[in-house]
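Asker: Okay, handing you the structure first.
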Amino acid sequence: MKLVSSEDIRKFEYRLEKDYGVPPLLLMENAASFLFSFIKENFDDLNNKRIAILCGPGNNGGDGVALARYLYTNGVKKVTIFSYLWNRKVSDLLKIQLNLLQSLVEIRNLLQNYLELKEYDLIIDGIFGIGLKREIEEDLKRVFKYINGLNKMVISIDVPSGINSDTGEVMGEAIRANYVLTMFLPKIGLFEVEAVDYVGEVIVGNLGIPKEVIENIVESSLNLVDWNFVKDIIRIPSKRVHKGKKGRVLIIGGSFKYTGAPILSALSALRIGAGMVYLAVPEKINMLYRGNYPEIIYISLKDTEGYISYDNLDYLLNIVEDYGIDSIAIGPGIGISEDTKKLVQEFLRKVDKSVVVDADALSFIKDILKEISKKSIVLTPHYGEMSRVTGESIDVIMRKRVELGRLFVKEHQLNLILKGPYSLFFDQEGNVYVNPFANSLLATAGSGDVLTGIIAGLVAQGYTLREACILGNFVHGYTSVLWKEHKGNIGLKALDIVEMIPYSVEEIIRRKSV
Ligand SMILES: NC(=O)C1=CN([C@@H]2O[C@H](COP(=O)(O)OP(=O)(O)OC[C@H]3O[C@@H](n4cnc5c(N)ncnc54)[C@H](O)[C@@H]3O)[C@@H](O)[C@H]2O)[C@@H](O)CC1
Ligand SMILES: [K+]
């Protein structure tokens, strides 16, 4: 599903009116019925619920007033509108909605009467949608803070009011919504890190316009990875295939300092279904693992003071050829040393398989970006590692991550996963894929090593690197949803993520087959 900016939506609605003759008022009616059906389906005993609809001066408010009419004419009488900023210019569509409503529903002034909201059961937020562009006024901040403190059920129309729909920025204060019922397509800002505490569950309504029409009018190259996306990518594992066909993964990493990371990647590659996993780590830490994980095939590397040394280069390149390696991950636990840096750089120059470059290996690639450009490589930095690769500060990366990521990929022609809440995958064509998971459960030591193994494991099974990144990110993220369902909000550690991988894959396959 595409992710859009407010500009994309404006253009889209303009095209709808000009090329398809769809008047904006009809869209507002359809928005109201989308909101109404959701409320009817998700809240019982509506006739006894007191519903407050907060309406701003624009079409977001217009949606709210139209909803009030839908509720009223369907027998839900305990509806009150709280108006904001109606004393100045209000939008034409809002005026029409008010004429239609007449005085059937009570209208209170929000700023003067917001304390009454504690008496209500359901709050519908129609203050601002995609029209919010500047910081909100102090009085309104106070109201939003009060509403958030009530911990009532809040449904936001299109965008939680106070959130900038393009950047996700909180414009002073914002309403925290349980649900965001967004029109046509999800807005980019709903999936930016800053908005994560305000957005809750996003439900998209196509307002009666077939999603095929919406998708081919809207030009955005930003994609929200949803179930349909991953259902199309995943392949049902065929019964006949033998382990040799399920692909061979080579993981290069480990150091005296970090012995666990490469194991996590290796186990993840196995759990995602790779046939054979070779783990190349310094010999001395090899001995640590031997007994524990018999499924992994160990390759002993020479080290200099505990870090993989340069003189392993030919040995590793020969392994890639002689063992028929299909995909490689380099970096988990590899550590920082000059000798290792030379090895990683030369290896990446010479190898011609798909490679996931992660962790400290990312610290070595800044000065070889030109030489590895266009190769089948994906870099998987978190913000800190991205900062080291690009020289941008973490704060700037967080705030401008789509723009920076696209610039980086355009310049270096490499695939990039920028890890964090709502991880972003950038393919070499500059398309962006947002992973719809932002659970803090995933921010645990080794989580990145697991993702690395998943991606390498998928490539080994024949997925393209692009498919492996999109699907791998989703499988990785969805394990946090499974954990939350069965275990709660804390405690997911990296090995648990590894164990949950098959369940995550299974859910996608199940949804594919229904
Ligand atoms: N055809 C359409 O235009 C449709 C619009 N729809 C709704 O209309 C919304 C967009 O409506 P609008 O463009 O009227 O804008 P909004 O209703 O989002 O914002 C209301 C107005 O508030 C003012 N404003 C902006 N920032 C402010 C601030 N910080 N303090 C005070 N006032 C501020 C602006 O003048 C803006 O026009 C969408 O989010 C969606 O909910 C939907 O009904 C679908 C159809
Ligand atoms: K809103």
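Asker: Do the conditions hold for SER363, that is, is it of a type in the set (Ser, Thr, Tyr) and more than 25 Å from MET287 (Cα to Cα)?
Answerer: Spelling it out, SER363 is indeed of a type in the set (Ser, Thr, Tyr) and more than 25 Å from MET287 (Cα to Cα).
Asker: Mind checking whether some residue in the range 53-64 is within 16 Å of ligand 2 (Cβ to nearest atom), without any contact (Cβ under 8 Å) to a residue 40 or more places away in the chain and farther than 30 Å from PRO436 by Cβ?
Answerer: Yes, the range 53-64 has at least one match.
Asker: Step by step: first the residues of the range 458-514, then only those that are farther than 23 Å from VAL432 by Cα and polar (S, T, N, Q), then the one that is surrounded by the fewest Cβ atoms within 10 Å (Cβ to Cβ). Which residue is that?
Answerer: SER513
Asker: In addition: Inside the range 1-120, counting only strands (runs of 3 or more DSSP E) that do not spill past its ends, which hold 3 or more residues that are within 14 Å of ligand 1 (Cβ to nearest atom) and not assigned by TED's automatic domain parsing to the domain that holds VAL402?
Answerer: 51-55
Asker: Further, regarding this structure: Picking from GLY189, GLY247, which residue would you name as being of a type outside the set (Asp, Glu), within 16 Å of ligand 2 (Cβ to nearest atom) and either over 14 Å from the mean Cα position of the chain (by Cα) or crowded, with 20+ Cβ neighbours inside 10 Å (or both)?
Answerer: GLY189
Asker: Could you please tell me which pairs satisfy a Cβ distance under 7 Å, a separation of 6+ or placement on different chains, a first residue in the range 437-454 that is assigned by TED's automatic domain parsing to the domain that holds TYR258, and a second residue that is at pLDDT below 90 and surrounded by 17 or more Cβ atoms within 10 Å (Cβ to Cβ)?
Answerer: none
Asker: Could you give me the residue pairs with C-beta distances under 7 Å whose first residue belongs to the range 137-151 and is in the same structural domain as SER83 (by TED's automatic domain parsing), whose second residue is away from ligand 1 (no atom under 14 Å from the Cβ) and part of a helix (DSSP H, G or I) wherever it lies, and which are 6+ apart or on separate chains?
Answerer: What qualifies is VAL143/TYR114; TYR146/TYR114; ILE147/LEU117; LEU150/LEU117; LEU150/LYS118.
Asker: Among what's in the range 143-153 and is more than 12 Å from ligand 2 (Cβ to nearest atom) and either part of a strand (DSSP E or B) or not aliphatic (A, V, I, L, M) (or both), pick the residue that is farthest from LYS49 (Cα to Cα).
Answerer: So the residue we want is LYS145.
Asker: A further question on this structure: At least 2 residues that are free of Cβ contacts under 8 Å to residues at least 40 places away in the same chain in each: list the strands (runs of 3 or more DSSP E) lying fully within the range 154-229 that qualify.
Answerer: Of the strands (runs of 3 or more DSSP E) lying wholly inside the range 154-229, those with at least 2 residues that are free of Cβ contacts under 8 Å to residues at least 40 places away in the same chain span 179-183, 201-205.
Asker: Looking at (1) closer than 22 Å to TYR383 by Cβ; (2) assigned to a helix (DSSP H, G or I), which is the only condition LEU495 fails?
Answerer: Result: LEU495 passes all but (1).
Asker: Can you find a residue in the range 397-416 that is closer than 30 Å to GLU499 by Cβ, modelled with pLDDT of 95 or more and in contact with a helix residue (DSSP H, G or I) (Cβ under 7 Å, 6 or more places away or on another chain)?
Answerer: yes
Asker: Considering only residues of the range 136-179 that are among the small types (Gly, Ala, Ser) and near ligand 1 (Cβ under 10 Å from one of its atoms), which is surrounded by the most Cβ atoms within 10 Å (Cβ to Cβ)?
Answerer: SER156
Asker: Now, a different point. Give me the residue from the range 37-52 that is buried (at least 18 other Cβ atoms within 10 Å of the Cβ) and either over 28 Å from the mean Cα position of the chain (by Cα) or away from ligand 2 (no atom under 16 Å from the Cβ) (or both) and, out of that set, farthest from THR80 (Cα to Cα).
Answerer: LEU46
Asker: Here's a follow-up. Working only within the range 123-135, note down all residues that are surrounded by fewer than 24 Cβ atoms within 10 Å (Cβ to Cβ) and more than 10 Å from ligand 1 (Cβ to nearest atom).
Answerer: If the condition is that a residue be surrounded by fewer than 24 Cβ atoms within 10 Å (Cβ to Cβ) and more than 10 Å from ligand 1 (Cβ to nearest atom), then ILE123 is the only one that fits.
Asker: Next question, about the same structure. Exactly one condition in (1) at pLDDT 95 or above; (2) more than 9 Å from ligand 2 (Cβ to nearest atom) is not met by THR167; state its number.
Answerer: (1)
Asker: Could you say which residue among GLU194, GLU212 is among the acidic types (Asp, Glu), in contact with a strand residue (DSSP E or B) (Cβ under 7 Å, 6 or more places away or on another chain) and not assigned by TED's automatic domain parsing to the domain that holds PRO294?
Answerer: Just a single option satisfies the conditions, and that option is GLU194.
Asker: Please determine whether any residue of the range 405-418 is surrounded by 19 or more Cβ atoms within 10 Å (Cβ to Cβ) and free of Cβ contacts under 8 Å to residues at least 24 places away in the same chain.
Answerer: Scanning the range 405-418 turns up at least one residue that is surrounded by 19 or more Cβ atoms within 10 Å (Cβ to Cβ) and free of Cβ contacts under 8 Å to residues at least 24 places away in the same chain.
The values are calculated or read from the model by the stated rules, or taken from the named source; none is laboratory data. Please read all numbers here as calculations on a predicted model, not as lab measurements. Every residue, glycine as well, gets a Cβ built from its backbone with ideal geometry; the counts of neighbours run over all protein chains shown.
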